[in-house]
Protein chains: 2
Amino acid sequence: METISENRCFGGVQGVYRHPSKATGCDMTFGLFLPAEAAQHPVPLLWYLSGLTCTHENAMTKAGLQAHAAAHGVAVVFPDTSPRGEGVADDPAYDLGQGAGFYVNATQAPWAAHYRMWEYITHDLPRVLFAYFALEEDRQAITGHSMGGHGALTMAMRLPGRFASVSAFAPIAHPMASDWGRKQLGAYLGPDEATWAAHDATLLMRNGGFEGEVLIDQGTSDQFLDLLRPDALAQAMTATRQPGSFRMQKGYDHSYFFVSTFAGAHVSFHAEALAR
Amino acid sequence: METISENRCFGGVQGVYRHPSKATGCDMTFGLFLPAEAAQHPVPLLWYLSGLTCTHENAMTKAGLQAHAAAHGVAVVFPDTSPRGEGVADDPAYDLGQGAGFYVNATQAPWAAHYRMWEYITHDLPRVLFAYFALEEDRQAITGHSMGGHGALTMAMRLPGRFASVSAFAPIAHPMASDWGRKQLGAYLGPDEATWAAHDATLLMRNGGFEGEVLIDQGTSDQFLDLLRPDALAQAMTATRQPGSFRMQKGYDHSYFFVSTFAGAHVSFHAEALAR
């Protein structure tokens, strides 16, 4: 593992690291914020999965999570959103290929060789994190924005026991019924829609949901409401009596100005669950 | 004046606007955060002047000031750091020309035509702000980072009565004794060093200082300590009994991770002065 940079930040360290991943078959870069407490003992870990077009860097510099994570003594990891580099397939569209891994393991050409972000986030990156850093493997929580909210919700529901809590900022909530989903799931997983269902938060919610609390924030002025389909997930959460909150935030859009505004509430939500 | 974007943020609005400036002879872009209170009545204004290579955007997205400004009901303006566009002189170096206006009125070719950032920040931009937005002209404070800290300190000391308080993050503190200063002051103002003295915070501090409180934060691991010369300004502040604090922050470098860590303390400092 290679250290790209380390900056002191809110009494802790904001690092950027690179490591080879077997899952993606290429080097992967991630950001990790460690609060001051990590110099003394292992700390809980909050995963932040980013949205379309993002690298590890966007949320790390714009979401303002470190202030809140430091206040609660929680680490935050900022993974990349896709494999990258020479030899890694790509597409001219912003919403397919590099920057748009959609947190699945691709089975279709030309994607199958590297686009295994599910495996990377749930297996390879945890191995690196818990081997090299003072992090508590049995105290993890997960959140994400947009495509990353989709990743957070699907991972939390499909890996029971791993995450104490899950939240999302304007998640892609029902990808099987949206152009943010049908296009990518078709490309990465092929035409058999039965293989897509494991990657649809609304369907997973209808079929069992999450064992802990769920927190969703969604801006009412989000320019992508038709693609995100918050209505489908909110309906599923209430119909299945999922504990948690789905909050429509008046006037907010899809930007990091929205994410940073509610970052404190999400970190507090997770810190409370992790303290149980 | 043209609205480039407006995003809801911490209950208020983060806007980006463009307007023609007579001082710089070109269109200028700035960011303005208005807290929720500005919808009801005029609010105090904190100026944030940015450093080398920055536009209006860097601090607006990375410094995390809006959270604290919203908590205190204070607006924050994020000006650009130089004139820009076709016909505006530039230099291949990162520290001269576009992105490096140094908050002076250039008198030398090829800079004199557009590089009048002192006039822009102290005259043109205030006219636009107080004409178009709910801001209290008699309640202003100023801060900045690096080259912007230099700008904030020199403007606060040379415009008595305008700013209730001044602070800086890792300011260029003694440009007449630094390669971050001699090069730019020479290029913009010419070889007569007598004209440079009005733009050196350490000299201004020695010759009267600031009538209110001054707050400076400087990281001990800043990679540019030799260029910033915090020692000269700290010496001047104590020798002249300037009220205020010069804080050396252990382990912090020159990045926005440093600025964002102490952004809350600076906004609180200014809010207190503005409330008097």
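Here are the numbers:
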item: Considering only chain A, percent of DSSP beta bridges that pair antiparallel, nearest 5; result: 50
item: 3J(HN,Hα) from dihedral phi, the range B:16-32, Karplus parametrisation 6.51/-1.76/1.60, rounded to Hz, x for glycine, proline; result: 10, 9, 10, 8, x, 10, 5, 4, 9, x, 7, 6, 10, 10, 9, x, 9
item: Nearest-20 debye value, the range A:2-275 charge dipole, Cβ charges on Lys, Arg, Asp, Glu; result: 300
item: Å² per residue, accessible surface of the protein assembly as shown at 1.4 Å; result: 37
item: The range B:96-218 pair-distance distribution - Cα-Cα, 5 Å bins, rounded %; result: 2, 11, 21, 24, 20, 13, 7, 2, 0
item: Size-normalised alpha-carbon gyration radius of the range B:151-255, reference 2.2 N^0.38 Å; result: 1.03
item: For the range A:2-275: relative contact order, % (alpha-carbon pairs under 8 angstrom, 6 or more apart); result: 17
item: Accessible heavy-atom area order of A:R162, B:R241, highest first, probe of 1.4 Å; result: B:R241, A:R162
item: Whole-Hz ³J(HN,Hα) from phi, Karplus 6.51 cos²θ - 1.76 cosθ + 1.60, for the range B:202-209, glycine and proline x; result: 5, 5, 5, 5, 5, 9, x, x
item: Accessible-area composition of the range B:2-275, carbon plus sulfur, in percent [1.4 Å probe]; result: 50
item: Largest-first ordering by accessible area, 1.4 Å probe, given options B:E6, A:E213; result: B:E6, A:E213
item: Chain-alone versus full-assembly comparison, the range A:239-275, residues with accessible loss of at least 20 Å² (1.4 Å probe); result: A:G251, A:Y252, A:D253, A:F257, A:S260, A:T261
item: Helix-only mean residue ellipticity at 222 nm for chain B, each DSSP H run of n ≥ 4 adding -39500 (n - 2.57), per residue, nearest 500; result: -8500 deg cm²/dmol
item: Residue mean of other protein chain beta carbons inside 10 Å, A:34-45; result: 0
item: Within a Gaussian network of chain B (alpha carbon springs, distance under 10 Å), most fluctuating of B:Q249, B:Q66, B:Q40; result: B:Q40
item: FRET efficiency, 1/(1 + (r/R0)^6) with R0 25 Å, evaluated for B:H41 and A:K250 via beta carbons; result: 0.75
item: Label-point separation, B:A275 to A:T195 (7 Å along Cα→Cβ), nm; result: 6.1
item: Inter-part distance where the range B:248-270 and the range A:208-260 are each reduced to a Cα centre, Å; result: 33
item: Modelled FRET efficiency - R0 41 Å, B:S268 with A:Q223, Cβ distances, 0.05 increments; result: 0.75
item: Protection proxy ranking of A:206-212, B:127-133 - average other beta-carbon atoms within 10 Å, highest first; result: A:206-212, B:127-133
item: Distance in nm between pseudo-label sites at A:R162 and A:E211 (7 Å out along the Cβ direction from Cα); result: 1.4
item: Length-normalised contact order for the range B:9-146 - Cα pairs under 8 Å, 6+ apart - percent; result: 31
item: Measure of compaction for the protein assembly as shown (Cα Rg per 2.2 N^0.38 Å); result: 1.03
item: Computed E for B:H123/B:A177 - FRET, C-beta separation, R0 22 angstrom, nearest 0.05; result: 0.15
item: Among B:H266, B:H68, B:H150, residue whose mean-square fluctuation peaks in a GNM of chain B (springs only between Cα atoms under 10 Å); result: B:H68
item: Buried solvent-accessible surface, both chains (A, B), 1.4 Å probe, Å² to nearest 100; result: 1600
item: Percent antiparallel among DSSP beta bridges (both partners in the protein assembly as shown, rounded to 5); result: 50
item: Spatially proximal lysines relative to B:K62 (Cα-Cα < 25 Å; intrachain offsets below 8 disregarded); result: A:K62, A:K250, B:K250
item: Chain A: mean projected area of Cα convex hull, nm²; result: 13.0
item: Axis proximity, chain A to B: residue whose C-beta lies nearest, plus whole-Å distance; result: A:G64, 2
item: Added length on full extension, which subtracts the Cα-Cα distance from 0.36 nm per residue, A:E57 to A:H19; result: 12.1 nm
item: Between the range A:9-32 and the range A:47-116, the Cα center-to-center distance that results, in Å; result: 11
item: Reduction of at least 40 Å² in accessible surface, 1.4 Å probe, comparing all protein chains with the chain by itself, residues of the range A:1-15; result: A:N7, A:R8, A:F10
item: Pseudo-label separations to other copies for A:L159 - Cα-to-Cβ vector, 7 Å, nm; result: 5.3
item: Other-copy label distances relative to B:E211, 7 angstrom Cα-Cβ extension, nm; result: 6.6
item: Axial C-alpha extent at least 20 Å, average Kyte-Doolittle at least -0.5 - helices from chain A (DSSP); result: A:256-274
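The values are calculated or read from the model by the stated rules, or taken from the named source; none is laboratory data. Keep in mind that this is a model prediction, so the values were computed, not measured. So basically every Cβ, Gly included, is an ideal-geometry build from the backbone, and we count neighbours across all protein chains shown. Just the protein is used for accessible areas: all its heavy atoms, side chains included, with ligands, DNA and RNA removed. Shrake-Rupley method; radii C 1.70, N 1.55, O 1.52, S 1.80 Å.
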